[in-house]
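**Q** Dropping a structure here in structure tokens format, bear with me for questions.
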Amino acid sequence: MESRKIYNRIAVLRYDMGISRSNLAEKAGVNFQTIGYLEREEYNPSLDLAFRLSAIFSQPVEFIFSTSPQKPLSQLIQEHK
């Protein structure tokens with residue numbers, strides 16, 4: 001079975017928190033290169049890693065990850081005004 005592409009908002013959320021890839025990797029218990037692969041959507045996270053990132057960002061897993069392209073956060077903000 002071919003795995004699906006998983007889209008994510010990791011780079012935006014990391015930028016918003018003001019932390020580096022290395023810092024996020026340390027908090028998540030992975031190599032900093034893993035964060036780069038995730039941000040470039042070259043790698044799908046394990047379920048465990050997805051939940052660890054969800055806890056770090058204090059966001060639901062489905063806000064961070066999706067099987068379809070996600071709307072930009074700026075668009076989501078405008079829709080909720």
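**Q** Condition check: in a loop (DSSP other than H, G, I, E, B), surrounded by fewer than 14 Cβ atoms within 10 Å (Cβ to Cβ) and out of contact with any Gly (no Cβ under 7 Å at 6 or more places or on another chain). Does Pro69 satisfy that?
**A** Details: in a loop (DSSP other than H, G, I, E, B): yes; surrounded by fewer than 14 Cβ atoms within 10 Å (Cβ to Cβ): yes; out of contact with any Gly (no Cβ under 7 Å at 6 or more places or on another chain): yes.
Spelling it out, Pro69 is indeed in a loop (DSSP other than H, G, I, E, B), surrounded by fewer than 14 Cβ atoms within 10 Å (Cβ to Cβ) and out of contact with any Gly (no Cβ under 7 Å at 6 or more places or on another chain).
**Q** Among Leu76, Leu13, which is the only one that is modelled with pLDDT of 95 or more and either loosely packed, with under 15 Cβ neighbours inside 10 Å or not in a loop (DSSP other than H, G, I, E, B) (or both)?
**A** Details: Leu76 fails: modelled with pLDDT of 95 or more.
On inspection, the qualifying residue turns out to be Leu13.
**Q** Let me ask something else. So, Arg21, is that one modelled with pLDDT of 95 or more and within 9 Å of the chain's Cα centre (by Cα) or not?
**A** Considered against the rule, which asks whether it is modelled with pLDDT of 95 or more and within 9 Å of the chain's Cα centre (by Cα), Arg21 comes out as no.
**Q** Go through region 43-54 and give me each residue that's in a helix (DSSP H, G or I) and over 11 Å from the mean Cα position of the chain (by Cα).
**A** Quick first cut of region 43-54, residues in a helix (DSSP H, G or I) only: 47-54.
Answer for region 43-54, where residues must be in a helix (DSSP H, G or I) and over 11 Å from the mean Cα position of the chain (by Cα): Leu47, Asp48.
**Q** Oh, and also: Can you name the residue in region 1-13 that is charged (D, E, K, R) and touching a residue at least 24 places away in the same chain (Cβ under 8 Å) and is also nearest to Pro72 (Cα to Cα) among such residues?
**A** Arg9
**Q** Separate question: Within region 16-47, work out how many residues are under 21 Å from Thr67 (Cβ atoms), among the charged types (D, E, K, R) and surrounded by 12 or more Cβ atoms within 10 Å (Cβ to Cβ).
**A** 2
**Q** Those residues that are within 12 Å of Ile6 (Cα to Cα), of a type in the set (Gly, Ala, Ser) and free of Cβ contacts under 8 Å to residues at least 24 places away in the same chain, I need them from region 22-72; list them, please.
**A** Ser46, Ala50, listed by residue number.
The values are calculated or read from the model by the stated rules, or taken from the named source; none is laboratory data. Keep in mind that this is a model prediction, so the values were computed, not measured. Ideal geometry is used to build each Cβ from the backbone, glycine not excepted, and the neighbour counts take in all protein chains shown.
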